[in-house]
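Student: Quick one: the structure is below, questions incoming.
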Amino acid sequence: MQGVQLGQGRASLSFGLRANAMTRALWPHDFSATLDVRLQGGSLRLAFSVTNTGGLPWPFALALHTYLRVPDIGQTTLRGLQGKRYWDGVLNLAQPEIRALEAAPALTFAGETDRVYEELNGPLELHCPGAALRISQSANLPEVVVWNPAAGRCATLGDMPADGWKQMLCVEAACVNTPVVLAPGEAWSAWQELCVA
């Protein structure tokens, strides 16, 4: 953790990571990355930045994993994706080039959902009993991952209670279909914001 700031009605945290022997064993590139988290007046903002600190260019993909707690996934809807193309990780994980078009004005969740929606150009709205969120993201995160494991997949996840799928939904700002390539010394940053509607 790099820094904490507290103020009246707001708080922020900054987490940093630099390439080291442990990271190079997993990913052989030099980098410096920061995740800034800001809470203020009914909003949460996540900002990620990364710099290539090495001598060679390298590619990366990114999804900001926002696991959102909902009272009941069966009564939860997500609006703003109608007309967007997506690939379905449940049906076509081996063939992500196969795309479908979202026809529903609001997504509902009756089974396992694992989709990557493309070409976002506006905020999404998450509605569940007693709450609503407006979800925005920077233009350089052009995709969103929508995920709920449902009962079958949840049973295979060791870090989630057997019925945990009933109270969660991931709506992850992402850049996964076309990786970003950073030249030596180049920096990149992006954000996602969740606001109480």
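Student: Can you name the condition, by its number, that Pro149 falls short on among (1) of a type outside the set (Ser, Thr, Tyr); (2) in contact with a Lys or Arg (Cβ under 9 Å, 6 or more places away or on another chain); (3) surrounded by 17 or more Cβ atoms within 10 Å (Cβ to Cβ); (4) farther than 22 Å from Ala197 by Cα?
Tutor: Tallying (1) of a type outside the set (Ser, Thr, Tyr); (2) in contact with a Lys or Arg (Cβ under 9 Å, 6 or more places away or on another chain); (3) surrounded by 17 or more Cβ atoms within 10 Å (Cβ to Cβ); (4) farther than 22 Å from Ala197 by Cα, Pro149 fails exactly one: (2).
Student: Another question, then. Right, Leu91: at pLDDT 95 or above and not in a strand (DSSP E or B) or not?
Tutor: no
Student: Grab the strands (runs of 3 or more DSSP E) fully contained in region 24-70, keeping just those with 2 or more residues being under 17 Å from Cys175 (Cβ atoms) and at pLDDT 95 or above.
Tutor: Strands (runs of 3 or more DSSP E) meeting the threshold: 31-40, 43-52, 58-63.
Student: I would also like to ask the following. Pairs please, first residue from region 162-177 and closer than 16 Å to Leu81 by Cα, second anywhere and crowded, with 18+ Cβ neighbours inside 10 Å and of a type in the set (Asp, Glu), Cβ atoms under 7 Å, 6+ apart in sequence or on different chains.
Tutor: What qualifies is Ala174/Glu143.
Student: Looking at region 52-88 only, could you name the residues that are within 15 Å of Val176 (Cα to Cα), small (Gly, Ala, Ser) and surrounded by fewer than 18 Cβ atoms within 10 Å (Cβ to Cβ)?
Tutor: Ala61, the sole residue that qualifies.
Student: Looking at (1) surrounded by fewer than 20 Cβ atoms within 10 Å (Cβ to Cβ); (2) of a type outside the set (Lys, Arg); (3) out of contact with any His (no Cβ under 9 Å at 6 or more places or on another chain), which is the one condition that is false for Cys170?
Tutor: (3)
Student: May I pose another question? Before we move on, is Val116 farther than 21 Å from Pro71 by Cα, surrounded by 14 or more Cβ atoms within 10 Å (Cβ to Cβ) and either basic (Lys, Arg) or under 14 Å from the mean Cα position of the chain (by Cα) (or both)?
Tutor: Answer is yes for this residue.
Student: Okay, moving on. Which of the residues belonging to region 164-197 are within 17 Å of Ser43 (Cβ to Cβ) and not hydrophobic (A, V, I, L, M, F, W, C)?
Tutor: Gln192, Glu193
The values are calculated or read from the model by the stated rules, or taken from the named source; none is laboratory data. No experiment lies behind these values; they were computed from the predicted model shown. So basically every Cβ, Gly included, is an ideal-geometry build from the backbone, and we count neighbours across all protein chains shown.
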